[in-house]
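Undergrad: Mind looking over this structure? Questions follow.
Throughout, read-outs are computed from the coordinates displayed, never taken from laboratory work. Predicted model, so just to flag it, every value in this text is computed and none were measured. Cβ atoms come from the backbone with ideal geometry, glycine included; neighbour counts cover every protein chain shown.
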Amino acid sequence: MTITVLLADDQDLVRTGLKLILDAFLPEILVVGVAHDGQEAVTMANALRPDVCLFDIQMPRLDGIEATKMVAGPDVADPLTVVMLTTFDLDDYIFRSLQAGARGFLLKDTEPELLVEAIRTAASGEALISPVATSRLLNKFASSSTDSLRKDNKDISEPLSPREEETLLLVAEGLTNNEIVERLHVSLSTVKSRISMIMLKIGVRNRVEIAIWAYQTGRIRLD
């Protein structure tokens, strides 16, 4: 099965590099379009209907977050799947990107293997967030949070099982599904099922929110 991808970035070097990386995975991944700004990205996304849109956050005419909202937001009747790209100084935008409907969030210095894994994961209907971005987000969250934001097991509809707790901590560490499979020696379907159940029980929508919840409940510490 071929995964079609739309790239959107205003920097020629970044666009060229990303396309070269993804073209190396032909025929599994096929780049069907390249946009130079956010407005062009929205137009091409609606016309091409790719399996995954890879959007930069900072683009002229329309930034990546607004572009994401227009093609993948909660008010979109038939939303597309978007993975966001950013640099270290842009991780303040992680929450806004996720709220806009992004399915993944990666840093531009991400290894090619993780980029491809993010595209595969997003195309399968799940979310993948860069481990570094997750760590930085948690640190920013911790620096601005108060005790009133902390939660405990009383906030969830059903307690997590020991296996779900184990999986939750690995997600919070930023491990991908395949890395969790290797760590726990279980099947990929088992990992996906556990993560879906975790999100359902604790009332979150993606892996970053799982990590934040793990911090809020004292399951992980930021050192």
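Undergrad: What is the fewest-to-most order of R61, R103, R205 by other Cβ atoms lying within 10 Å of their Cβ?
TA: With the sparsest Cβ surroundings first, the list reads R205, R61, R103.
Undergrad: May I ask you to derive the relative contact order of segment 3-129, considering only C-alpha pairs under 8 Å and at least 6 residues apart, and to give it as an integer percent?
TA: 21 percent
Undergrad: Among Y93, Y215, which comes first, then next, by fewest other beta-carbon atoms within 10 Å?
TA: Sorted ascending by nearby Cβ count, the order is Y93, Y215.
Undergrad: Pulled fully out, how much extra length does the chain show between R183 and I156, if you take 0.36 nm times their separation in residues and subtract their Cα-Cα distance?
TA: 7.1 nm
Undergrad: Okay, next question. Quick one: net charge of I29's neighbours, Cβ under 12 Å, K/R +1, D/E -1?
TA: The answer is -2.
Undergrad: Is the shape of segment 3-129 rounded, prolate or oblate, going by the alpha carbon gyration tensor and its root eigenvalues a ≥ b ≥ c, with a/c under 1.5 for rounded and a/b larger than b/c for prolate?
TA: rounded
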